[in-house]
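Here's the structure, in C-alpha cells; my notes come after.
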Amino acid sequence: MKSIAIIFAFLFSIVSFSQEKEQAYNNVKKAAFNYIDTFYKADTTLAYKSVHKNVRKVGWWFDKKKNAYSNKSEMPFDKLIALAKRWNVKGNRADKNSVRKVEVLEVSDKIAVAKVTAVWGIDYLNMVKTKDGWKSINIIWQSKPKFSLKD
C-alpha cells in the first residue's frame, strides 16, 4: 500500500511539473502576442501587462532612400507607450491580415526568449518572470531583414 502511495505521489509530481512547464510556455507566448498587439491595436494596457517598466528596447530601421540602416534607436518604456498610442491608431499600418507571429525559443523557470515577427520586422524579446507575470525586459529589433540564416 505504501509503495502505491509513493508511485501516485511520483506520478502526480511529474504531471504537475509538466503542467507548470506548459503554463509557462503559454504565458510567455501570450506576453509576446500582447507586445505585438500593443502596437497593432494601439492598446497600451497590453504593454503594461507584458513589458517591464525598466525595458531596454534597441533597434535599427532600414531606410530605403539611403539604402542603409538607421543609427541605433533606443526606446525606454515611456517612449514605447507614446509610440503605441499613435503608431496604428488609424488602423492603416496593421490589420487582422497582418503578419503576427511568435516563436518561443526557450523558457526557463525565471527567464525566456521569444522571437516576434510583425509588419515592422523582427524583435527578440528577453523576458523575465515577475510577480505580475512574464514581461519583456530587453528587446532588440530590426526592420524586415533582407535575409536570415534560418531561411
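What translational diffusion coefficient, in µm²/s and rounded to a whole number, does the Stokes-Einstein relation yield for the stretch 96-141 at 4 °C and a viscosity of 1.567 mPa s, taking the hydrodynamic radius as the Kirkwood radius over Cα pairs? Present the calculation step by step, with values, prior to reporting the outcome.
On the way: Rh = 11.2 Å.
Translational diffusion coefficient: 116 µm²/s.
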- Item | Cα-centre dipole for the stretch 50-151 with unit charges at Cβ (Lys and Arg positive, Asp and Glu negative), debye to 20 | 400 debye
- Within straight cross-link reach of K110, meaning Cα distance under 16 Å, which aspartates and glutamates are found once same-chain residues fewer than 8 apart are removed? E20, E22, D132
- Query: Per residue, how much accessible area does the chain have with a 1.4 Å probe, in Å²?
  - Reply: 68 Å²
- Message: Taking the Cα centroid of the stretch 99-148 and of the stretch 22-96, what is the distance between the two, rounded to the nearest whole Å?
- Response: 10 Å
- Message: Which entries of K90/K131; K53/K96; K53/K115 have Cα-Cα distances beyond 25 Å here?
- Response: K90/K131; K53/K96
- Note on the structure: Cross-link reach from K72 to aspartates and glutamates, straight Cα distance under 17 Å and at least 8 residues apart if same chain, gives D63, D123
- Task: Mind giving me the nanometre distance, one decimal, between the label points for V119 and D95, set 7 Å out from Cα along Cα→Cβ?
- Result: 0.9 nm
- Query: Within straight cross-link reach of K41, meaning Cα distance under 12 Å, which aspartates and glutamates are found once same-chain residues fewer than 8 apart are removed?
  - Reply: D95
- Task: Decide, for the chain, between rounded, prolate and oblate: order the square roots of the alpha carbon gyration tensor eigenvalues as a ≥ b ≥ c, take rounded if a/c falls under 1.5, and otherwise choose prolate if a/b is larger than b/c, else oblate.
- Result: prolate
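The values are calculated or read from the model by the stated rules, or taken from the named source; none is laboratory data. Remember, predicted model here, so these are calculated numbers, not experimental data. Please note: Cβ atoms are built from the backbone with ideal geometry, for glycine as well, and neighbour counts cover all protein chains shown. For the accessible areas, the whole protein counts, side chains as well, though only heavy atoms, and no ligand, DNA or RNA atoms are used. Shrake-Rupley method; radii C 1.70, N 1.55, O 1.52, S 1.80 Å.
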